[in-house]
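Bear in mind these aren't lab numbers, they're just calculated from the coordinates by the rules spelled out. All of these numbers come straight from a predicted model, not from anything done at the bench. Neighbour counts run over all protein chains shown; Cβ positions are idealised from the backbone, glycine included.
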Amino acid sequence: MYTIKHAADLTGVPVATLRAWERRYGVVVPRRTNAGYRLYDERVLGIITAMHDLVRAGWSPRQAAAEVERSQAAGAAADTGRQPPAEPRVPERETSGGAGAR
């Protein structure tokens, strides 16, 4: 388990940014000590690192958080053998004429 300062040092994400991502996007919810200090484990550090990598690649923090959450849900579904919920599909519009027209 790592303190927020140690997690920041390990991931390269400033302490203030870790707090903001927790508050704004809820991507990670660190454990807390009885005194209220945040504690991060290896799994949470991986999530933070993934989000940081996406942001550095040009994603907005909101987009990165959504992608990390989607990836986590897909990973959890794979671990349990369940599939994540399918995204709604927009039916393709039929056009007159063309190869499929009668």
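Observations on the structure shown:
- Protection proxy ranking, peptides 51-64, 26-39, average beta carbon neighbours within 10 Å, highest first: 51-64, 26-39
- The Cα center of the stretch 10-27 and the Cα center of the stretch 36-62 differ in position by 7 Å.
- Rg/Rg_globular for the stretch 1-78, with Rg_globular taken as 2.2 N^0.38 Å and Rg from C-alpha atoms: 1.05
- Relative contact order %, the stretch 1-62, counting alpha carbon pairs below 8 Å whose residues are six or more apart: 36 percent
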